Amino acid sequence: GAGVSQSPSNKVTEKGKDVELRCDPISGHTALYWYRQSLGQGLEFLIYFQGNSAPDKSGLPSDRFSAERTGGSVSTLTIQRTQQEDSAVYLCASTVWGTGAYEQYFGPGTRLTVT
Amino acid sequence: SQKIEQNSEALNIQEGKTATLTCNYTNYSPAYLQWYRQDPGRGPVFLLLIRENEKEKRKERLKVTFDTTLKQSLFHITASQPADSATYLCALGSGAGSYQLTFGKGTKLSVIP
């Protein structure tokens, strides 16, 4: 079956522009996560959605970052007024909450380069 | 603050040998620990999960141990192959009611033919 998909795979943008990154989770997965991975760094948690509950935004680095999840499925991560330090790979993951395993299924990521 | 350390950034090993990767943590009481594999340009792929009350888990050529006293997990790949070359990440979870994983920076394993 289809895995987690993300688009675009690569995005180059000028400093100060806004960008939108999209994530399509595995069908039926109720939980969705966004992470950021910078060169030589571990995965940095950004935001978490679970069903209809309010998202956990505790990992968002600044108010320039926001995310939505529509209809409990597709999610969009928006970065406003991009800065060079926003350059990283943005990864989305989904899982079935309640199974007890909590293994996460990752998409291929979007590589964002801010020039 | 919580800290996760993976023993080295890079590990080179001869084909056929056993690769051992280490994950140490401090200021954390995880209910479970996971290991992921990440290939260049791809997202991490789940390999194994071990819970705090389990000492060892095996899956084919993979073995994971979890010592909550030492605050350490060891990840072994036996009879290593060049195709095992990748970055391996450990991730800790707090348990029921907590949905977050905290990831280490990873160890890049190279298996030399």
Does A:Val114 meet the test of being more than 11 Å from every other protein chain (Cβ to nearest Cβ) and crowded, with 19+ Cβ neighbours inside 10 Å? yes
From the residues in the stretch B:50-76 that are assigned to a loop (DSSP other than H, G, I, E, B) and open to solvent by 60 Å² or more (accessible area, probe 1.4 Å), which one is farthest from the other protein chains (Cβ to nearest Cβ)? B:Thr69
If I filter the stretch A:7-19 for residues that are over 20 Å from B:Pro40 (Cβ atoms), basic (Lys, Arg) and either free of Cβ contacts under 8 Å to residues at least 24 places away in the same chain or not in a strand (DSSP E or B) (or both), do I get at least one hit? yes
Has the stretch B:51-63 got any residue that is at pLDDT 95 or above, of a type in the set (A, V, I, L, M, F, W, C) and farther than 29 Å from A:Ser5 by Cβ? no
Got a sec? Which of B:Ala31, B:Ala79 is within 14 Å of another protein chain (Cβ to nearest Cβ) and either open to solvent by less than 10 Å² (accessible area, probe 1.4 Å) or among the aliphatic types (A, V, I, L, M) (or both)? B:Ala31
Count of the stretch A:49-82 residues which are more than 15 Å from the chain's Cα centre (by Cα) and exposed (fewer than 14 other Cβ atoms within 10 Å of the Cβ): 7
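The values are calculated or read from the model by the stated rules, or taken from the named source; none is laboratory data. On a predicted model such as this, the values are computed, not experimentally measured, just so you know. Please note: Cβ atoms are built from the backbone with ideal geometry, for glycine as well, and neighbour counts cover all protein chains shown. All accessible areas refer to the heavy atoms of the entire protein, side chains included, with ligands and DNA or RNA removed. Shrake-Rupley method; radii C 1.70, N 1.55, O 1.52, S 1.80 Å.
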